[in-house]
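This report concerns only the one structure given below.
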């Protein structure tokens with residue numbers, strides 16, 4: 001019997017605008033001012049440096065690493081606060097979380113670093129008993145089956161008691177399934193079909209409710 005619902009954050013609960021603004025506007029803009037570069041030149045340089053590291057290294061997700069690398073005189077908190085007005089949950093999320101929380105213990109399992117989770121979930125925190133960051137809490141760059149197993153241990157739950165929902169087919173559907181969890185793939189672009197696919201969290205609630 002499922003008693004815990006685990007949810008991804010970016011692309012599942014919150015749209016990508018805030019994250020995109022921090023990485024693709026905020027840091028290039030700071031570099032532009034620091035080094036006297038045209039913004040577009042600075043952005044091309046910054047993105048090039050991101051790509052040299054790549055998403056398979058932990059530094060990719062580490063905001064402090066990039067602030068130090070580019071020698072930018074601002075704190076993580078200052079940069080995140082500058083764009084916090086861009087944080088926008090998907091329209092059905094508050095209602096869906098309210099409904100899900102009536103029957104299940106809700107947690108967040110995200111690749112995002114802890115500082116992003118804490119800022120982005122402000123206003124939704126009341127729905128979640130715990131939040132987990134693959135990068136900050138487990139030093140893993142992706143949500144592998146091992147991460148989901150570790151989350152189950154932290155929750156003192158058997159894998160079959162947890163269902164995960166997220167928008168990345170490999171890391172939010174295949175990985176948790178491999179770890180023994182149930183899972184739903186959230187496809188907001190309507191590119192897939194199947195019993196495991198939902199188009200928003202309201203549909204996820206209806207599917208889960210119909211199966212218990």
Next item on the list: Check residue 209 against each of (1) modelled with pLDDT under 95; (2) over 23 Å from residue 90 (Cβ atoms); (3) assigned to a helix (DSSP H, G or I) and name the one condition it does not meet.
Entry: (2)
Next item on the list: Restricting attention to the stretch 61-104, report how many residues are part of a loop (DSSP other than H, G, I, E, B) and over 16 Å from the mean Cα position of the chain (by Cα).
Entry: 12
Item checked: In the stretch 8-27, the residues that are more than 19 Å from residue 79 (Cβ to Cβ) and touching a helix residue (DSSP H, G or I) at 6+ places or on another chain (Cβ under 8 Å) -> 8, 12, 13
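Listed here are the residues, each with its yes/no results for (1) touching a strand residue (DSSP E or B) at 6+ places or on another chain (Cβ under 7 Å); (2) at pLDDT below 95; (3) closer than 20 Å to residue 11 by Cβ.
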site	(1), (2), (3)
26	no, no, yes
36	no, no, no
42	no, no, no
63	no, no, yes
76	no, no, no
108	yes, no, yes
Item checked: Residue ranges of helices (runs of 4 or more DSSP H) in the stretch 1-59 with at least 2 members closer than 24 Å to residue 91 by Cα and touching a residue at least 12 places away in the same chain (Cβ under 8 Å) -> 17-21
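Can you tell me which residue within the stretch 123-140, out of those that are in contact with a helix residue (DSSP H, G or I) (Cβ under 8 Å, 6 or more places away or on another chain) and either in a loop (DSSP other than H, G, I, E, B) or on the phi > 0 side of the Ramachandran plot (or both), is surrounded by the fewest Cβ atoms within 10 Å (Cβ to Cβ)?
Within the stretch 123-140, the match that is surrounded by the fewest Cβ atoms within 10 Å (Cβ to Cβ) is 139.
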Next item on the list: Tell me which residues, restricted to the stretch 56-72, are in contact with a helix residue (DSSP H, G or I) (Cβ under 8 Å, 6 or more places away or on another chain) and closer than 14 Å to residue 113 by Cβ.
Entry: 58, 59, 60, 61, 62, 63, 64, 65, 66, 67
Margin query: Residues that are in the same structural domain as residue 180 (by TED's automatic domain parsing) and without any contact (Cβ under 8 Å) to a residue 24 or more places away in the chain: does the stretch 93-106 have at least one?
Written below: yes
Check: Just a yes or no: is a residue in the stretch 177-186 more than 15 Å from residue 2 (Cα to Cα), part of a helix (DSSP H, G or I), assigned by TED's automatic domain parsing to the domain that holds residue 108 and in contact with a strand residue (DSSP E or B) (Cβ under 7 Å, 6 or more places away or on another chain)?
Finding: no
Check: Is it the case that residue 154 is surrounded by fewer than 16 Cβ atoms within 10 Å (Cβ to Cβ), in contact (Cβ under 8 Å) with a residue 24 or more places away in the chain and touching a helix residue (DSSP H, G or I) at 6+ places or on another chain (Cβ under 9 Å)?
Finding: yes
Check: When the stretch 178-190 is examined, which residues are found to be surrounded by fewer than 17 Cβ atoms within 10 Å (Cβ to Cβ) and more than 21 Å from residue 89 (Cα to Cα)?
Finding: 178, 180
Note to self: Of the residues 56, 38, only one is surrounded by fewer than 15 Cβ atoms within 10 Å (Cβ to Cβ), outside the structural domain of residue 137 (by TED's automatic domain parsing) and under 21 Å from residue 148 (Cα atoms); which?
What the structure shows: 56
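The values are calculated or read from the model by the stated rules, or taken from the named source; none is laboratory data. Values in this document were obtained by computation on a predicted structure and should not be read as measured data. No Cβ is skipped: glycine too gets one built from the backbone with ideal geometry, and neighbour counts run over all protein chains shown.
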